[in-house]
Amino acid sequence: MDTMYRLKCVGCGTEYPADEIIYHCPKCGHLLAVRYPLDAIQVEKATWAKRPLSVWRYRELLPVIIEPVTLQEGGTPLYHLKKIGEELGLPHLYAKHEGMNPSGSFKDRGMTVGVSMALQLNKRSVACASTGNTSASLAVYAAKAGIPAVVLLPAGKVAVGKVAQALMHGARVISIRGNFDRALEMVHELCLSHGLYLLNSINPYRLEGQKTIGFEAIDQLGGVPDRFVLPVGNAGNISAVYKGLLELQDLEFIDRLPMMTGIQAAGSMPVVRAIRENLPEVVPEDHPETVATAIRIGAPVNAEKALVAIRKTGGLAESVTDAEILAMQRDLARKEGIGVEPASAASVAGIRKLAESGAIDRSEKIVCVVTGHLLKDPDTVIRQCEPPTEIDADLPSLLAALRL
Ligand code: AN7
């Protein structure tokens, strides 16, 4: 395969050809990242600006050279959170609604690139472990590509909308009696022994697609925000956005970096602990637990990169309780008209906490990534709301129920 880019180990820096199917450095075991010869890349900001807002607007900084497997992912709205911002004294608070992607989460940005790369690398079957959204997205893009997908889920801990998607789009769906971290170990072994292409976030190509969240937000705002806030599970997304911004800086498209800020659930917060205690690496949690099942992850595989992103940009890491997450899910829904799943509300809940504790400057321009759609997890919604009032089918009953 004739490509300009290579795979580079984030630990020892060794470079490998782009078509080697490896997920870790064979020398030192660290993760790999895609490295482009940025001085040789021909791209103008004006060229990008002419294309529709989408993942593929930025194709010069993506690894795919074949016709991509696409369902028009990206181009998601950036909403000004006027009411919540006013309440918090944050006049420049925004949410990038990644729930508006084809399968309802940001994972589609990764999968349009990841599944395209599977084809480009002549792989004809794909697999992942997932807390839900990755499996839904992989099932969708594998269907579009016409190749089989295997997904491993932690039994009983995946929101029903996500399971429904994986099933309907035709993936082989396996539930394991174990948590996500174990599912990832198992699918990793399966891929190495049986040649399936692994599309978890240890896959460097998948994360390339996700970095476009940052590119789009900058284009939509007309500049670099002061802070970028993301919910953190495996820490792939925050690492991907940071990597993309470094590339824009190298290209001199931007002249500063936002403070990368990661939010975790209080029952599952190894990255927050590592930042707080200034540890060189995260200590995995054996029994992560949170209502935000998407980020119920105790051993985040991209933690090493995320710690660098947060530390190098002077960012923050904060945790929020399940109650704080659910309260923000309701506020986004009722005050802003933005429907997101619990993990997504974590980013804005984290900003509420940081603003209230005085940890951030109120004049900051802040972009919170809200990662997945409300309908992903209807059970958690129904549990929080009063059930519909059932009445006899006549007008007096209706007026009585409405107290009119
Ligand atoms: C809605 O689907 O890990 O920190 O297997 O679904 O990049 O892991 C999902 C993660 C945030 C965390 N918000 O992103 C999976 C999975 C939502 C998510 C995250 C996830 P990372």
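For the reader, a short list of remarks on this structure follows.
- When Ser103, Ser116 are screened for being at pLDDT 95 or above and in a helix (DSSP H, G or I), only Ser116 passes.
- Taken as a whole, the condition of being of a type in the set (A, V, I, L, M) and closer than 19 Å to Tyr205 by Cα does not apply to Leu78.
- A Cβ distance below 6 Å, combined with a sequence gap of six or more or placement on separate chains, defines the contacts here; from region 170-191, residues that are touching a residue at least 60 places away in the same chain (Cβ under 8 Å) and within 16 Å of Glu289 (Cα to Cα) reach residues that are within 13 Å of the ligand (Cβ to nearest atom) and part of a strand (DSSP E or B) in the pairs Asn179/Pro154; Phe180/Pro154.
- Within region 116-126, not a single residue is touching a Gly at 6+ places or on another chain (Cβ under 8 Å) and within 11 Å of the ligand (Cβ to nearest atom).
- Within this structure, Leu246 passes the test of being away from the ligand (no atom under 14 Å from the Cβ), free of Cβ contacts under 8 Å to residues at least 24 places away in the same chain, more than 30 Å from Gly161 (Cα to Cα) and part of a helix (DSSP H, G or I).
- Reported count of residues in region 136-149, each being among the hydrophobic types (A, V, I, L, M, F, W, C) and either within 14 Å of the ligand (Cβ to nearest atom) or under 19 Å from Gly298 (Cβ atoms) (or both), is 5.
The values are calculated or read from the model by the stated rules, or taken from the named source; none is laboratory data. As the structure is a prediction and not an experimental result, all values here were calculated from the model. In this analysis, Cβ positions are derived from the backbone assuming ideal geometry, glycine residues included, and neighbour counts consider all displayed protein chains.
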